[in-house]
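Working notes, structure below.
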Amino acid sequence: MADSVPVVSLDGDGQFKTSLEKVRRHIRLSKARRVLVSAANDPSALGAVRAFQEAGRESGCAIVGQNAEPDARIELRSRRTPLVASVGYFPERYGPGLVRLALDILSKRPVPPAVFTRHHIITAENVDHYYPNDSLLGVTDMSAAV
């Protein structure tokens, strides 16, 4: 293994379209055969997915997003996607812990210096486990319709 691995930072502004354009440009100039993309959010990750697919280079990359948004969950369920994971933060679960913390602070009880929430890596293998109601919400595998 090489002593260093080249790292390229692209600013997609957290947007699908901007990320798509920046990654398209990068792919045209890059000779890298294997690429790992770590995106700031799922729209950026999905822009990178589309750019690699357009270039026919999806088999040489792995892409990870953040937030496990519905569009990313759809992509994770599709076949042959370079999107390998997204981080699920589950903000809908923050409430009870925040209320307990707020009540402890207001009651002047001791509180920990930091409070953490459990996040999960969402993959094709576990997306249905963490998001079992997606089909009820219309968040389904779009590749099946193609």
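The values are calculated or read from the model by the stated rules, or taken from the named source; none is laboratory data. A quick note: this is a predicted structure, and the numbers were derived from the prediction, not measured. Cβ: placed from backbone, ideal geometry, glycine included. Neighbour counts: every protein chain shown. These accessible areas exclude ligands, DNA and RNA; they are computed on the full protein's heavy atoms, side chains included. Shrake-Rupley method; radii C 1.70, N 1.55, O 1.52, S 1.80 Å.
Can you find a residue that is open to solvent by less than 20 Å² (accessible area, probe 1.4 Å) and within 9 Å of the chain's Cα centre (by Cα) anywhere in the range 21-38? Talk me through it step by step, then tell me what you get.
Going through the range 21-38, the residues open to solvent by less than 20 Å² (accessible area, probe 1.4 Å) turn out to be 23, 27.
Retained after the next criterion (residues that are within 9 Å of the chain's Cα centre (by Cα)): none.
No, that holds for no residue.
Can you say whether Arg73 is part of a helix (DSSP H, G or I), touching a helix residue (DSSP H, G or I) at 6+ places or on another chain (Cβ under 9 Å) and under 15 Å from Lys22 (Cβ atoms), as far as the supplied structure shows? No, not satisfied. Being open to solvent by 60 Å² or more (accessible area, probe 1.4 Å) and not basic (Lys, Arg) is a description that does not apply to Glu75. Could you grab me the full set of residues in the range 1-17 that are within 16 Å of Arg50 (Cβ to Cβ), out of contact with any Leu (no Cβ under 9 Å at 6 or more places or on another chain) and open to solvent by less than 100 Å² (accessible area, probe 1.4 Å)? Those that are within 16 Å of Arg50 (Cβ to Cβ), out of contact with any Leu (no Cβ under 9 Å at 6 or more places or on another chain) and open to solvent by less than 100 Å² (accessible area, probe 1.4 Å): Leu10, Gly14, Gln15.
Annotation: Ile121 fulfils all but one of (1) open to solvent by less than 70 Å² (accessible area, probe 1.4 Å); (2) within 18 Å of Ala85 (Cβ to Cβ); (3) modelled with pLDDT of 95 or more; the unmet one is (1).
From the set of residues in the range 8-34 that are in contact with a Pro (Cβ under 9 Å, 6 or more places away or on another chain) and hydrophobic (A, V, I, L, M, F, W, C), which is modelled with the highest pLDDT? Among residues in the range 8-34 that are in contact with a Pro (Cβ under 9 Å, 6 or more places away or on another chain) and hydrophobic (A, V, I, L, M, F, W, C), the one modelled with the highest pLDDT is Phe16. Assess whether Pro70 counts as being in contact with an Asp or Glu (Cβ under 8 Å, 6 or more places away or on another chain) and free of Cβ contacts under 8 Å to residues at least 40 places away in the same chain. Taking the combined requirement at face value, the residue does not satisfy it.
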